[in-house]
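Below: one structure in structure tokens.
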Amino acid sequence: MELLIQQLVNGIALGSIYALVALGYTMVYGTIKLINFAHGDVYMMGAFVGFYAMNGLGLNIFLSLLLAMVSCAVLGVVIERVAYKPLRRSTRVAALITAIGVSFLLENVMSYLFGAEIRPFPSDFGTTNYTLFGNITINGKQILIFATTVILMALLQFIVRYTKMGKAMRAVAVDEQAAQLMGIDVDGVISFTFALGSALAGIAGVLVGVYYNTISTTMGITVGLKAFVAAVLGGIGSIPGAMVGGYLIGLLETMVSFFGYSPYRDGVVYFLLFIILIVLPAGLFGKNVREKV
């Protein structure tokens, strides 16, 4: 039983990472109905910013998280303005293909500049284990991930629910043209949404580097897809759904590994997506919306 509880603790830590990345997917989709498949590579960029902040600049983990957050927020706005804004009135397929193209561009540019090999991430932080009860332990890295995720999710909920920008985001999500007629700066709101989602992805990238002690230029592919599955599971467009979906995926992966099927954990996640799309297409917290054709 204690071993099972220990795996649940590990699963929650992993799920926190997926939840942070999934929030970026669901915020962008909820605002402009775009699946930003470049989001996983923004997460990868955040990991490399944190890596060079700690190795090259000698910053501590907290300043590295802040630098990655700001850098990825700026990158998200640049991607939106350069790649997505010109296609805002075009078909969804065109925007989707562009998102995939941006993903490959970021990945290949980073591979060309820094190589595709796995790099060791600084691992001095959080190596001490703390006993919860019995033989159940939690280390400093997991505490950092839990605390950071909870604080960011609470802050995000506050921004969306109680701030002027959050109300503008919800207005644009409901009807972009009506929001513009009411004097809302739609372009500014969309850029802010990309900045906020990309900042969360950048922080997640650094946390993964700290947790697993390794990063690579291809790390965004798998995590990006799993975070997308988490967003769909929770109901893409729903912020609480993205959080719940992320934790469910993290726990599912950990349990599959715990029962000795580690080679199949990725396949189980994608099979879950298949089942969800058949049984519950709108996700756990999503709403079925009828569209005129």
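The values are calculated or read from the model by the stated rules, or taken from the named source; none is laboratory data. Small disclaimer: the values here were computed from a predicted structure and weren't measured. Reconstructed Cβ throughout: ideal geometry from the backbone, glycine too, with neighbour counts over all protein chains shown. For the accessible areas, the whole protein counts, side chains as well, though only heavy atoms, and no ligand, DNA or RNA atoms are used. Shrake-Rupley method; radii C 1.70, N 1.55, O 1.52, S 1.80 Å.
What is the spin-label model distance, in nm, from residue 118 to residue 81 if the labels are put 7 Å beyond Cα along the C-beta direction?
Output for this residue pair reads 3.8 nm.
Here's a follow-up. Compute the separation of the alpha-carbon centres of region 1-19 and region 210-285 and state it in Å as a whole number.
That distance is 13 Å.
Further question: For helix 265-279, what angle does its Cα long axis make with the longest principal axis of the chain, in degrees from 0 to 90 and rounded to 10?
Roughly 40 degrees, rounded to the nearest 10.
Also, quick follow-up: Could you check the simple spin-label distance between residue 278 and residue 108, using points 7 Å along Cα→Cβ, in nm with one decimal?
3.6 nm
Evaluate the distance, in nm, between pseudo-label points positioned 7 Å from the Cα of residue 225 and of residue 70 along their respective Cα→Cβ axes.
Distance between the two pseudo-spin positions: 3.5 nm.
Please give the calculated 222 nm ellipticity per residue for the chain, where each DSSP H segment of at least 4 residues contributes -39500 (n - 2.57) and the sum is spread over every residue; nearest 500 deg cm²/dmol?
The per-residue figure over the chain is -24000 deg cm²/dmol.
Taking only protein heavy atoms and a 1.4 Å probe, what accessible area per residue, in Å², does region 145-234 have with all protein chains in place?
Per residue, region 145-234 has 40 Å² of solvent-accessible surface.
Kindly write out, for region 117-124 in residue order, the coupling ³J(HN,Hα) from the Karplus curve 6.51 cos²θ - 1.76 cosθ + 1.60 (θ = phi - 60°), rounded to whole Hz, with x marking Gly and Pro.
Karplus values, whole Hz, x for Gly and Pro: 6, 6, 10, x, 8, x, 10, 6.
Ordered by packing density, taken as the mean number of other Cβ atoms within 10 Å over each peptide's residues, highest first, how do 265-273, 35-43, 140-148, 234-242 rank?
Sorting 265-273, 35-43, 140-148, 234-242 by mean packing, highest first, produces 35-43, 234-242, 140-148, 265-273.
Here's another thing I want to ask about it. Looking at the chain, I'd like the Rg to Rh ratio, where Rg is from alpha-carbon atoms and Rh is Kirkwood's inverse mean 1/r.
0.97
Could you check how much of the accessible area of the chain is carbon and sulfur, as a whole percent, using a 1.4 Å probe?
For the chain, the apolar C and S fraction of the accessible surface comes to 67 percent.
I've got another one for you. Given region 1-73, report the % of alpha carbon pairs whose separation exceeds 18 Å.
So the pairs more than 18 Å apart make up 55 percent of the total in region 1-73.
Take the alpha-carbon positions of region 149-207, form their convex hull, and give its projected area averaged over all directions (one quarter of the hull surface) in nm².
Its average projected convex-hull area is 4.0 nm².
What per residue convex hull volume, in Å³, comes out for region 1-136 when only alpha-carbon positions are used?
About 148 Å³ per residue, rounded to a whole number.
Moving on to the next point. Restricting to Cα atoms and excluding each atom paired with itself, what does the Kirkwood estimate give for region 226-289 in Å?
11.6 Å
My understanding is that a pair violates if its Cα-Cα distance is over 29 Å; which of 164/226; 85/167; 33/164 do that in this structure?
Among 164/226; 85/167; 33/164, the Cα-Cα distance tops 29 Å for 164/226.
Which FRET efficiency value, to the nearest 0.05, do you get for residue 175 and residue 93 by plugging their Cβ-Cβ distance into 1/(1 + (r/R0)^6) with R0 = 30 Å?
Efficiency for this residue pair is about 0.85.
A follow-up question, please. Using only the Cα atoms of region 53-116, what semi-axes does the equivalent ellipsoid have when each is the square root of 5 times a gyration tensor eigenvalue? Give whole Å, largest first.
Output for region 53-116: semi-axes of 29, 16, 7 Å.
Shifting gears a bit: Using the Kirkwood radius over C-alpha pairs as Rh, can you work out the diffusion coefficient of region 169-288 via Stokes-Einstein at 25 °C, viscosity 0.890 mPa s, in µm² per second?
151 µm²/s
What whole-number value in Å² describes the accessible area per residue of region 1-140 for a 1.4 Å probe?
48 Å²
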